[in-house]
Structure formats: C-alpha cells, structure tokens
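Asks: Sharing a structure, written as structure tokens. Questions coming.
Every number here is computed from the coordinates shown, using simple stated rules; none is lab data. What you are looking at is a predicted structure, and each value in this text was computed from that prediction instead of being measured. Cβ placement follows ideal geometry from the backbone for every residue including glycine, while neighbour counts extend to all protein chains displayed.
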Amino acid sequence: MNCRRIHWLQKSLDPAADPDAGSAGKHADESARRIVDLLLFENEAELGENGIEGDPTFLNAFTRRFPKTKDGRSLADFQLNDRLFKHRCSYMVYSKTFESLPPRIKSAVISSLHQLLESNPAEGNHPAIKSSERRKIIAILSETPPG
C-alpha cells in the first residue's frame, strides 16, 4: 500500500520526524476520505424503478454473518427497493481488510466517520443520509464496534 511505502520513506529520510506528518499524513487523510465515502455508499448506483428481488435463502445466510444490535439492526440489512442496504454504512467495517488498515488511516477513517455521522446533512457532507438514519448508524456502530 502506498501509505506504508510513504511512511517508510519519510522515516528513512528523517528518523527524528513524525512519519505521520508531511506527505504520509496527507496521503493517509486523502485515503481515509475516500474510504469514508465508499463506506457511506457515496454515488451508489440506483436499483431502478422497481428495485430488485433477492433470494431469501441468500439474504438470511448473508445477514446472519454480521453483528446485530439488541433490537436486531445490522449494517448488513438489505432494503432492495431504491438502494441495496437499509443503512448507508457498509458492513465492510467488520472485515479483516478494514481491521488491517494502517493505524494512521484507520484512525482517520473512524474519526471522520464519527464526525460526519454526528453532524447534520449538508452539501458535501453526504446529504442523502438524513439525521434519523445517521443516528441509527451511530447506534449500530456503538453496539457492534468494528475491530
């Protein structure tokens, strides 16, 4: 990953400097921003006028793999009408890929995600995710923390 390479290069050029500052820090912040956009389904494809129909066996098997809140909500809950998932935050936060992100990027992703979900919908701030849905996502992430 480029972040690890940039981090290593900065540390080798100046061992006394903070390797998370400078170009490595900028790269980490940019990577975190892109990851947050992906986790929140920015520019999600529309499912068409009638949505899609899913196989009940697959839907049940898929959703059972992910953690649920006490009231049964999960980031893996399907909607299939106008978008794929009920909550606009990807179940990928529970993946080994997310868990193995470089610490600087993972920290920035978690911080950005928290800040974005705590704020009000606005232009440039995922306006499609309404305040009520943001609260539901926060509740799910609070009860079923990634990693």
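Asks: Please list the non-local residues whose amide H lies under 5 Å from the amide H of Phe78, H modeled 1.01 Å from N, same-chain partners needing a gap of 5 or more.
Replies: Residues meeting the amide H criterion: Lys86.
Asks: While we're looking at this one, here's another question. So what are the ³J(HN,Hα) numbers for segment 86-91, from phi and the Karplus equation (6.51, -1.76, 1.60; θ = phi - 60°), rounded to whole Hz, Gly and Pro as x?
Replies: Values, residue by residue: 5, 10, 7, 8, 6, 5 Hz.
Asks: Apply the Karplus parameterisation 6.51 cos²θ - 1.76 cosθ + 1.60, with θ equal to phi minus 60°, to every residue of segment 29-44 and state each ³J(HN,Hα) to the nearest whole Hz, in sequence, with x for glycine and proline.
Replies: After applying 6.51 cos²θ - 1.76 cosθ + 1.60, I find 5, 5, 4, 4, 4, 5, 5, 4, 4, 5, 4, 9, 6, 4, 6, 5 Hz.
Asks: Below 30 Å, Cα to Cα, which lysines can Lys26 reach? Residues fewer than 8 away in the same chain don't count.
Replies: Here the lysines satisfying the reach criterion relative to Lys26 are Lys11, Lys96, Lys106, Lys130.
Asks: Let me ask another. Could you put Lys96, Lys26 in order, starting from the residue whose Cβ has the fewest other Cβ atoms within 10 Å?
Replies: Lys96, Lys26
Asks: A further question on this structure: Given a Förster radius of 22 Å and the C-beta distance between Thr63 and Glu118 as r, what FRET efficiency does 1/(1 + (r/R0)^6) yield to the nearest 0.05?
Replies: Here the calculated transfer efficiency is 0.25.
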